[in-house]
Every structure is written in structure tokens, then in C-alpha cells.
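Structure record follows, encoded as C-alpha cells.
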Amino acid sequence: MAQNLPIRDQRRQELIRATIAVIARHGYTGTTLARVAREAGVATGLVNFHFQSKERLFRETFLHLSAEYEGVWRKALGEAGDDPRRRLDAMIEAYFDRRIFTREKLAVWFTFWSDAALRDRYRAAATRVERRYVAEMEAGIAALTGRNGQRRANDISLALSAMIDGFWLQALIYPRRFDRVEAVASCRRFLAEKLAAS
């Protein structure tokens, strides 16, 4: 896929991948253009040429991760068809998709969420991305809960989102003990129980 991109875009993608690796190891304050350049095997001047500043590099990295995350779950929804239950299963699975659910990418997401400077800078954009996901989840749940479905859907989706966030944190802290398949199954069981009680 990357080989079909113009060479400039390919290079930017390579630098973003290097940035993800460096942030995962060194955090926000420890990430420098020089470290990103070393990780990518290029001169620091090339990173400056493409991104001009650490701030711009972080912004582009955040946008890349956000677009990748949204692309994965939207593709999963498209393949799931119109059945609300299948769509909800696909959305849960998408959250743990191996393209976005990696130790490095989890570390970067948590860096964006936990670092005060970054959190304030990217909160609005992160909220917009997450809100689109939650809106789709709520629509699916509401379709299955019948009367007063929207209020119940809000409650269930909030709890399910918190559960997924908890699994992301567990995967980051305890990578060797974390079981991705069991996490997906637990989310599905939780959803099934809540829907059955509705």
C-alpha cells in the first residue's frame, strides 16, 4: 500500500512510524527530532524538512493514529452489514484490531491522553474521533433495546467504553499476561448481558 504513495508521502509515513516507536520508548519530553531521525535512519535535516518542528510532527502523528483508528472501525462496520448485533460485534473487535492495538501505539495513545500539554492540545480532536465511534455504538445498542432505547444505549455504551479503555491500559501495563481474544469475548459477554437485561 505504502509503495503506491508518492515518495514524499512514503517518507512522511516512515517518519511517523519512527515517531511512534520513539514516543513509545521515551515519552513526549524524551522525543526529539534527532531521535526520530536515528530511528528512521535518516538525517535530522530530513525530519525538519518534512515537519519543521516537534509540535508539527506530534500533530501529524496524532492525526495519523486517529485516521487509522477510524478507518479500521468504519471498514469493520461496512463489512458487518445492517444487522445491529453484527455491527456492535465488529466495533468491539475493531478496537482490538492488530493494526491499531499494538504495544507501541497503545503507549503513544496513553502519552497523548496523560501528558498535560498534549492532552490540552489534542483533547478536542480526540473527543471528535471518539464521539463518532460512540455515536455508532449507541445507535446499534438503541436498535436492540427497544422502547427508551436511547437512554439505555447511552448508559451501556458509556460502561462498555470504560471497559475497553481499561483493557487498553491492562494491555499496556501487563503485555505478557494480556489476552486480546479474552478481552474481546469479555466485552461481548458484557454487552450481551446488558442487552438481555434491557
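Read the figures in this text as sums done on the coordinates, not as results from a lab. Just so it is clear, the structure is predicted and the values come from calculations on it, not from any experiment. Please note: Cβ atoms are built from the backbone with ideal geometry, for glycine as well, and neighbour counts cover all protein chains shown.
Under unit Cβ charges (Lys, Arg +1; Asp, Glu -1), what dipole magnitude, rounded to 20 debye, does the chain have relative to its Cα centre? Could the numbers behind the result be given before it?
Details: 34 positive and 24 negative charges, 62 e Å.
Rounded to the nearest 20 debye, it is 300 debye.
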Quiz prompt | Neighbour-count ranking [beta-carbon atoms within 10 angstrom, fewest first] of L160, L172 | solution = L172, L160
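To the nearest 20 debye, what is the magnitude of the charge dipole of the range 1-93 about its Cα centre, counting +1 on the Cβ of each Lys and Arg and -1 on the Cβ of each Asp and Glu?
Values: 15 positive and 12 negative charges, 87 e Å.
Value, rounded to 20: 420 debye.
For the chain, what is the calculated [θ] at 222 nm in deg cm²/dmol (nearest 500), taking -39500 (n - 2.57) for each run of four or more DSSP H residues and dividing by its residue count?
Values: 9 runs with 160 residues, N = 198.
Theoretical 222 nm ellipticity from helices: -27500 deg cm²/dmol.
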Exercise. Give the order of R177, R86 when sorted by the count of other beta carbons within 10 angstrom, beginning with the fewest.
Key: R177, R86
Practice problem: Quick one: give the max-minus-min coordinate of the C-alpha atoms of the range 26-80 along each principal axis, largest first, in Å. | Solution: 44, 21, 17
Quiz item: Computed over the Cα atoms, what is the radius of gyration of the range 1-52 divided by 2.2 N^0.38 Å, N being its residue count?
Solution: 1.11
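Would you work out the Kirkwood radius for the chain? I mean one over the mean of 1/r across all pairs of different Cα atoms, in Å. Mind dumping the intermediate values first?
On the way: mean 1/r = 0.0548 Å⁻¹.
Hydrodynamic radius (Kirkwood, Cα only) of the chain equals 18.2 Å.
Mind putting a number on the dipole of the range 1-52 about its Cα centre? Charges go on the C-beta only, +1 for Lys and Arg and -1 for Asp and Glu, and I need it in Debye to the nearest 20. List each step's numbers first, then the result.
Details: 7 positive and 3 negative charges, 12 e Å.
Charge dipole of the range 1-52: 60 debye, to the nearest 20.
Note down the Stokes-Einstein diffusion coefficient of the range 86-198 in µm²/s, whole number, using a Kirkwood radius over alpha carbon pairs, 20 °C, and 1.002 mPa s.
Values: Rh = 15.0 Å.
For these conditions, the coefficient is 143 µm²/s.
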